[in-house]
Amino acid sequence: MEKPVRAEEVLADPWEQMDAAQLRGFLRTAAKLWLAHDGLWFQAVEKRRGMQEAIDADRDAWERFSPLEARRIMKHLGLGPGGGLPALEQALRYRLYGHLNKQATEWPAPDRLVFRMKSCRVQDARERKGLPDFPCQSVGIVEYERFAETIDPCIRTRCISCPPDPRDKRHVCAWEFTLKEEDCRDRARAAD
């Protein structure tokens with residue numbers, strides 16, 4: 001049977017036809033697909049080159065992706081540069097895996113923000129399969145430093161704990177962000 005010949009048809013934008021709940025649901029699906037692609041990419045490099053080269057490539061990718069993600073989130077939210085820890089806290093909520101992982105923040109002091117990944121889809125899947133935690137700390141250091149310094153160059157990042165560190169009952173990983181006025185002044189003087 002021959003296919004009918006038709007003139008080119010401009011497809012309708014499916015997003016325009018979705019209500020808010022459908023869009024949120026699809027956003028979660030898209031985040032899962034993004035994370036699945038990230039994992040499959042990593043496994044392909046690991047299979048060809050080994051775990052260490054895969055981690056090194058992953059770290060290189062996050063070095064470039066984190067500032068890109070931060071800038072786009074800032075633009076979407078209308079956040080200007082130099083927004084400090086409040087802007088960072090807001091932007092962290094809009095990262096793609098924020099739709100998949102349970103996250104929490106706390107403010108132990110006005111110049112100190114702690115971000116905790118309460119559950120991690122990647123580590124949870126490994127645990128279900130009986131595998132050890134993925135040792136993501138070296139990747140996470142680059143990822144969170146670059147994200148935070150894109151939001152505000154005066155923010156300092158410190159890993160509290162992240163695999164391969166032993167699991168803390170309160171989180172899978174945790175990061176501390178600080179912003180002190182003297183750090184900004186010292187940095188400005190060094191740039192002059």
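The values are calculated or read from the model by the stated rules, or taken from the named source; none is laboratory data. Given the structure is predicted, the values throughout are model-derived calculations rather than measurements. Here Cβ is always computed from backbone atoms with ideal geometry, including for glycine, and neighbour counts include all displayed protein chains.
Numbers below:
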read-out: Considering residues of the stretch 72-82 that are at pLDDT below 95 and among the small types (Gly, Ala, Ser) only, the residue farthest from residue 157 (Cα to Cα); value: 80
read-out: Qualifying positions in the stretch 88-120 - aliphatic (A, V, I, L, M) and surrounded by fewer than 15 Cβ atoms within 10 Å (Cβ to Cβ); value: 104, 109
read-out: Flag if residue 123 is polar (S, T, N, Q) and crowded, with 19+ Cβ neighbours inside 10 Å; value: yes
read-out: Residues of the stretch 169-192 classified as at pLDDT 85 or above and surrounded by 12 or more Cβ atoms within 10 Å (Cβ to Cβ), total; value: 9
read-out: Subset of the stretch 103-135 that is in contact (Cβ under 8 Å) with a residue 40 or more places away in the chain and part of a loop (DSSP other than H, G, I, E, B) - its residue that is nearest to residue 31 (Cα to Cα); value: 120
read-out: Residues of the stretch 136-177 that turn out to be of a type in the set (D, E, K, R), touching a helix residue (DSSP H, G or I) at 6+ places or on another chain (Cβ under 6 Å) and part of a loop (DSSP other than H, G, I, E, B), as a count; value: 1
read-out: Pair list, Cβ under 6 Å, 6 or more apart: the stretch 60-86 residue in contact (Cβ under 8 Å) with a residue 24 or more places away in the chain and under 12 Å from residue 146 (Cα atoms), other residue of a type in the set (Phe, Trp, Tyr) and assigned to a helix (DSSP H, G or I); value: 66/147; 70/147
read-out: Given (1) touching a helix residue (DSSP H, G or I) at 6+ places or on another chain (Cβ under 7 Å); (2) within 21 Å of residue 139 (Cα to Cα); (3) free of Cβ contacts under 8 Å to residues at least 40 places away in the same chain; (4) of a type in the set (A, V, I, L, M, F, W, C), number of the condition residue 36 does not satisfy; value: (1)
